[in-house]
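Questions regarding the structure given below will be posed in turn.
None of the figures in this text is laboratory data; all of them are computed from the coordinates on show. These numbers were taken from a predicted model, which means no experiment stands behind them. A quick note on method: Cβ atoms are made from the backbone with ideal geometry, for glycine too, and the neighbour counts reach across all protein chains shown.
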């Protein structure tokens with residue numbers, strides 16, 4: 001490395017390049033059969049660069065969990081005063097839609113295809129979803145929502161988000177995630193009996 | 001063992017005794033620190049008897065998963081014709097309440113306390129919950145419920161069930177699980193905006 005060996009070279013877009021190379025290899029060779037060396041080579045980068053961005057190959061798919069959760073929680077924190085429990089949960093998933101702009105959709109599709117093909121990754125994804133439900137429940141409680149409305153609104157909101165997300169990454173779908181969330185919220189309102197009939 | 005060595009001795013109530021002994025030890029010593037030998041000794045039975053009922057100590061807490069899921073699915077299968085997606089999901093959780101009669105509540109409380117104290121067991125429990133949501137979604141689809149209503153109704157039903165279950169095992173709670181489910185369904189109806197306002 002010579003006299004520049006102590007410097008950390010900045011690779012523009014290295015993280016995104018590594019992520020795209022990784023999912024492409026995971027889809028063609030399988031997650032288990034792909035090595036970090038394969039990923040770095042495919043991206044035209046070194047393994048050292050890989051490990052500056054990710055601790056291991058699984059993290060390529062799950063990095064950014066905190067940022068992801070933070071979007072939901074920010075939606076609750078920035079909501080106007082006096083919203084109902086369910087309106088707070090809806091604000092959370094509307095804010096989360098900002099985390100998934102149209103240009104992220106191809107990556108999200110590839111990532112989901114990798115996860116759907118691997119039971120261990122599916123487990124990791126389910127735990128991520130459960131962690132989100134728990135964090136959102138806590139945030140609603142912190143906003144004064146009483147039990148059992150807090151877990152009920154939070155978990156139902158997370159369900160709406162995941163149903164909408166699956167539709168958003170479907171082939172040929174081109175509406176925004178926010179638009180699809182609104183549609184799914186409408187379906188929820190349509191199927192849950194009204195308070196007068198409960 | 002002499003001439004009776006080939007016979008499998010039937011221990012009346014052995015499974016329940018082993019389960020109670022195990023959770024009691026898990027709560028006092030911790031799950032990790034408890035061995036199968038400890039459990040068998042505490043129950044006054046042999047390790048051989050233990051392994052006739054369970055493959056390992058974790059299974060003491062998770063045995064019966066298929067029977068548990070089957071209760072939910074039976075609720076859908078035995079529902080009258082023409083019910084809405086959400087009424088089918090409600091029928092599923094009402095049928096599941098049969099699996100948790102009052103005499104099971106002390107065990108359910110102890111089991112939950114063990115799980116709440118151990119992250120690895122919590123993960124296992126979350127995966128069980130996710131498997132239930134997926135199975136119920138499939139069952140609704142098989143009943144002609146279209147997407148996205150099938151996952152929406154199934155997952156929301158599972159949320160109602162788990163919120164109700166937590167209330168059912170709370171200290172001093174003595175209402176039936178079915179009664180609490182009805183209350184939580186009422187809360188859901190109260191917090192989700194009606195179709196006219198969606």
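Mind checking A:123-132 for the average number of partner chain beta-carbons within 10 Å of each residue's beta-carbon?
Counting other chains' Cβ atoms within 10 Å and averaging over A:123-132 gives 3.
Given 0.36 nm per residue, what is the gain on full extension from residue A:35 to residue A:120 after removing their alpha carbon distance, in nm?
Details: separation 85, 0.36 × 85 = 30.60 nm, distance 1.66 nm.
Full extension of this stretch gives 28.9 nm more.
Related question: Rounded to the nearest 500 deg cm²/dmol, what is the calculated helix-only ellipticity per residue at 222 nm for chain A, with -39500 (n - 2.57) per DSSP H run of length n ≥ 4?
-21000 deg cm²/dmol
Quick one: Debye curve from the alpha-carbon atoms of chain B only, equal weights, vacuum; give me log10 I(q)/I(0) at q = 0.12 Å⁻¹ to two decimals.
Each listed q maps to, in turn, -0.70.
Ranked highest first by average number of other Cβ atoms within 10 Å, how do B:82-90, B:101-109 line up?
Averaged packing, sorted descending, gives the order B:82-90, B:101-109.
Under the definition of partner shielding as Cβ atoms of other protein chains within 10 Å of a residue Cβ, what is the mean value for peptide A:151-164? Walk me through the numbers before you get to the answer.
Numbers: counts 5, 13, 5, 1, 7, 9, 1, 2, 10, 5, 0, 4, 9, 2.
Averaged over the peptide's residues, the number is 5.
Now a separate question. Going by the alpha-carbon gyration tensor, a ≥ b ≥ c the square roots of its eigenvalues, is segment A:6-79 rounded (a/c under 1.5) or, if a/c is not under 1.5, prolate (a/b greater than b/c) versus oblate?
Because a/c hits 1.5 or more and a/b fails to exceed b/c, segment A:6-79 counts as oblate.
OK, next. For segment A:146-198 and segment B:126-156, what is the centre-to-centre distance using only Cα atoms, to the nearest Å?
14 Å
Where Rh denotes the Kirkwood radius from the mean inverse Cα pair distance, what is Rg over Rh for the protein assembly as shown?
1.03
From the label point of residue B:98, set 7 Å from Cα along Cα→Cβ, how far away are the matching label points in the other copies, in nm, ordered shortest to longest?
Once sorted, the set of distances for residue B:98 reads 5.0 nm.
Quick one: grab the alpha carbon gyration tensor of segment B:109-198, order the square roots of its eigenvalues as a ≥ b ≥ c, and give me rounded if a/c is under 1.5, else prolate or oblate depending on whether a/b is larger than b/c.
Taking the square roots of the gyration eigenvalues as a ≥ b ≥ c, segment B:109-198 is oblate.
Ok, one more. Take peptides A:68-75, A:42-49 and line them up by average Cβ neighbours within 10 Å, highest first, as a rough protection proxy.
A:68-75, A:42-49
Here's something else I'd like to know. Return the average number of partner chain Cβ atoms within 10 angstrom of each residue Cβ along peptide A:137-144.
Counting other chains' Cβ atoms within 10 Å and averaging over A:137-144 gives 0.
Given label points at 7 Å from Cα along Cα→Cβ, what nm distances, shortest first, separate residue A:120 from the same residue in every other copy?
Ordered by distance, the counterparts are at 1.6 nm.
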